[in-house]
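Engineer: Pasting a structure here, questions to come.
The values are calculated or read from the model by the stated rules, or taken from the named source; none is laboratory data. In this text, all values refer to a predicted model and were calculated from it rather than measured experimentally. Ideal geometry is used to build each Cβ from the backbone, glycine not excepted, and the neighbour counts take in all protein chains shown. Surface accessibility is based on the protein's heavy atoms, side chains included, excluding ligands, DNA and RNA. Shrake-Rupley method; radii C 1.70, N 1.55, O 1.52, S 1.80 Å.
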Amino acid sequence: MTRVFSGVKPTGHLTLGNYLGALRRWAEVDQHQADALFCVVDLHALTVDHDPARVRRLSRQAATLLLASGLDPKRRTVFVQSHVDEHARLSYLLECVATDGEMRRMIQYKEKAAREQGRGGSVRLSLLTYPALMAADILAYDTDEVPVGEDQTQHVELARDLAVRFNHRYGHTFVVPRATAPKVAARVMNLQDPMSKMGKSDDSGPGIVYLLDEPEVVRKKVMRAVTDSGQGVVYDREERPGVANLLEILAACEGGDPEALSGAYASYGALKKDTAEAVVEVLRPVQERHRELCADPGYVDGVLRAGAEKAREMARPTVDAAYRAIGLLPA
Ligand code: AQP
């Protein structure tokens, strides 16, 4: 059976981008077709300035939202990264295989480093090295497929390169993974700035739909989305990014094709109204389930404990094999 691994960072409240680009597909497709692990990758949240209490809160919220999105912990493994030591153990070995140059080429590093510097802050070393930790997250589980949004494909490519290099130098140890992206909504854009990704650690609130936004807030954000001054509803990602984004969101929510949908609308207003309602309807069951789960925090804790135990057992043999292969004396 195909092994799938994917994760979400507790760096902010989860967004519609996270849901359409990742969580929904994990719940509706991946967990049924594959032996899948889903992880709250909390160590990644420490790569930028953070408040410890907030990271703890967001980690629990992210785990709860994974379950609320439909991941079934009886069938698949849902856990928190820092509960399984194998990730950090393997990360160091992969740092010894990666090069400084390839880490510095990572787009997320360049963007986030520039953002930190722009705010007058300093750039943490872990922001540069975290793709090695992400590679460890993936490779520790003999992962075949990593379902991610478009923004993460470069990191999965790096994990592939590191696996191939390690296997070549030290003998076959890792499965070489590949990224898979959703057909639509692989990159949901910010409603106020359709040239930028809808990201959860972004500060521009009105352009970001959060999974836990009330229906009225969702409607307001979608109705105020930036479109453009062109005529008619046309699907063109380059020239009409705002309209294309709305069409993609609508298509992802209703299961259609953005280009075909564009023909059904004569005005931006009608498109926005239908998109807003479609988003509200997609989020409704997730929000209801989230409310139920919040009433029983012991259940979520139990799921995460059992998930970590299972994940540890799965990762240990591969990580131990990597320690032996690279030349470390067995304990
Ligand atoms: N806008 C998006 N469209 C489609 N997919 C997206 N994903 C994220 N944003 C979009 C996918 O969601 C999964 C989890 O994402 P993540 O937690 O690794 O990171 P993020 O949400 O991409 O992070 P932010 O908000 O940009 O800021 P940071 O990095 O600081 O948290 C991934 O599969 C991702 O592709």
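Engineer: Using a Gaussian network model of the chain whose springs link C-alpha atoms within less than 10 Å, name the residue from N167, N245, N18 with the highest mean-square fluctuation.
Structural biologist: N167
Engineer: How large is the helix-only mean residue ellipticity at 222 nm for the chain, computed as the sum of -39500 (n - 2.57) over DSSP H runs with n ≥ 4, divided by its residue count, in deg cm²/dmol to the nearest 500? Write out the running numbers ahead of the final one.
Structural biologist: Values: 11 runs with 162 residues, N = 331.
The per-residue figure over the chain is -16000 deg cm²/dmol.
Engineer: Now for a separate question. Just going by the charge dipole of the range 187-300, with Lys and Arg at +1 and Asp and Glu at -1 on Cβ, which of V243, Y299, C253 is farthest out on the positive end?
Structural biologist: Toward the positive end, the furthest listed residue is Y299.
Engineer: Measure out, as a whole number of angstrom, how far apart the alpha-carbon centroids of the range 262-314 and the range 15-49 sit.
Structural biologist: One Cα centre to the other: 12 Å.
Engineer: Looking at the chain as a GNM with Cα springs under 10 Å, which of R291, R187, R25 has the largest mean-square fluctuation?
Structural biologist: Fluctuation is largest for R291.
Engineer: Here is a further query. If you place +1 on the Cβ of every Lys and Arg and -1 on the Cβ of every Asp and Glu, how big does the dipole about the Cα centre of the range 222-309 come out, in debye to the nearest 20? Numbers along the way, then the final one.
Structural biologist: Details: 9 positive and 16 negative charges, 61 e Å.
In debye, rounded to 20, the range 222-309 gives about 300.
Engineer: Taking only the alpha carbons of the chain, what extent do you get along each of the three principal axes, in Å, biggest first?
Structural biologist: 69, 44, 40
Engineer: Of all trypsin sites (Lys or Arg not before Pro) in the range 73-170, which ones are in loop regions per DSSP and have a Cβ with at most 16 other Cβ atoms within 10 Å?
Structural biologist: Of the trypsin sites (Lys or Arg not before Pro), the ones in loops of the range 73-170 whose Cβ has at most 16 other Cβ atoms within 10 Å are K74, R75, R105, R119.
Engineer: Among T99, T180, T143, which one moves the most in a GNM of the chain with springs linking Cα atoms closer than 10 Å?
Structural biologist: Of the options given, T99 has the highest mean-square fluctuation.
Engineer: Quick one: grab the alpha carbon gyration tensor of the range 217-331, order the square roots of its eigenvalues as a ≥ b ≥ c, and give me rounded if a/c is under 1.5, else prolate or oblate depending on whether a/b is larger than b/c.
Structural biologist: The shape class here is oblate.
Engineer: Quantify, in whole percent, the carbon and sulfur part of the accessible surface of the range 84-216 (1.4 Å probe; protein heavy atoms only).
Structural biologist: Details: 2980 of 5940 Å².
About 50 percent, which is the carbon plus sulfur part of the accessible surface.
Engineer: Using only alpha-carbon positions, what ratio does the radius of gyration of the range 269-325 give when scaled by 2.2 N^0.38 Å?
Structural biologist: That ratio works out to 2.01.
Engineer: So, one more: Using the heavy atoms of the protein chains and a 1.4 angstrom probe, tell me the accessible area per residue for the chain in square angstrom. All intermediate terms of the calculation are to be shown ahead of the outcome.
Structural biologist: Details: 14980 Å² over 331 residues.
Heavy-atom SASA per residue in the chain reads 45 Å².
Engineer: What is the dipole size for the chain, taken about its Cα centre, with +1 at each Lys and Arg Cβ and -1 at each Asp and Glu Cβ, in debye to the nearest 20? It would help to have the intermediate numbers written out before the result.
Structural biologist: Values: 43 positive and 46 negative charges, 119 e Å.
Here the chain has a charge dipole of around 580 debye.
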